Amino acid sequence: MTNTGPSPADRKAVADGLAKLLADTYAVYLKTHGYHWNVRGPNFSQLHALFMAQYTEMWTAIDEVAERIRALGELAPQGYGAFGNLSSIKDGDPSKGAEEMLKDLIASQETLIGTLYAILPAAQKAGDEVSASLISDRLTAHEKHAWMLRSSL
């Protein structure tokens, strides 16, 4: 039982938001990794490297988000079924061309950014500076990812 920081109800609310963040991040990670494998065309090398940099960064973040959920005293969701129920991000399509892949990843990053902005107030209301800082760090990363993708169109 966690007896520090925010109230149990506030910790639960923040952890629930972070669970959605975890699922959305995992979905975008999988899509980005898949597009890394399957991108084709004259910008292959640039996009292959960009996608790798982004999915590698997200892989580390997935663990940080899950560990924060645990630090709040809740269980982190796991498995495709649990993530599928929490995330609204759809799987990627490997048959898409490079430009369509970029557009799909931009839309997915924007969805993820929306999730981050939606959960930030719960952490702030709870006075949970650790979760608010994690969310802020993730906003910085995903806004940069979206910018890099948009700039590659």
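The values are calculated or read from the model by the stated rules, or taken from the named source; none is laboratory data. For clarity, every value in this text was computed on a predicted model and none was experimentally measured. Counting neighbours? That spans all protein chains shown, and the Cβs are built from the backbone with ideal geometry, glycine included.
Brief remarks follow.
- Residue check for Y35: surrounded by 13 or more Cβ atoms within 10 Å (Cβ to Cβ) and among the hydroxyl-bearing types (S, T, Y): yes
- Total residues in the range 83-101, condition surrounded by 15 or more Cβ atoms within 10 Å (Cβ to Cβ) and farther than 15 Å from V28 by Cα: 2
Condition check ((1) within 17 Å of A23 (Cβ to Cβ); (2) surrounded by fewer than 15 Cβ atoms within 10 Å (Cβ to Cβ); (3) within 15 Å of the chain's Cα centre (by Cα)) across all residues:
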site	(1), (2), (3)
L47	no, no, no
L50	no, no, no
A53	no, yes, yes
M58	yes, no, yes
A66	yes, no, yes
L72	yes, no, no
G114	yes, yes, yes
Y117	yes, yes, yes
I135	yes, no, yes
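- Hey, E110 charged (D, E, K, R), in contact (Cβ under 8 Å) with a residue 12 or more places away in the chain, closer than 13 Å to Y26 by Cβ and in a helix (DSSP H, G or I) or not: no
- Boolean, K12 is assigned to a helix (DSSP H, G or I) and of a type in the set (K, R): yes
- Some residue of the range 6-19 being in contact with a Phe, Trp or Tyr (Cβ under 6 Å, 6 or more places away or on another chain), closer than 23 Å to E110 by Cα and crowded, with 22+ Cβ neighbours inside 10 Å: no
- Boolean, M58 is more than 25 Å from A122 (Cα to Cα), of a type in the set (A, V, I, L, M), at pLDDT 95 or above and assigned to a helix (DSSP H, G or I): no
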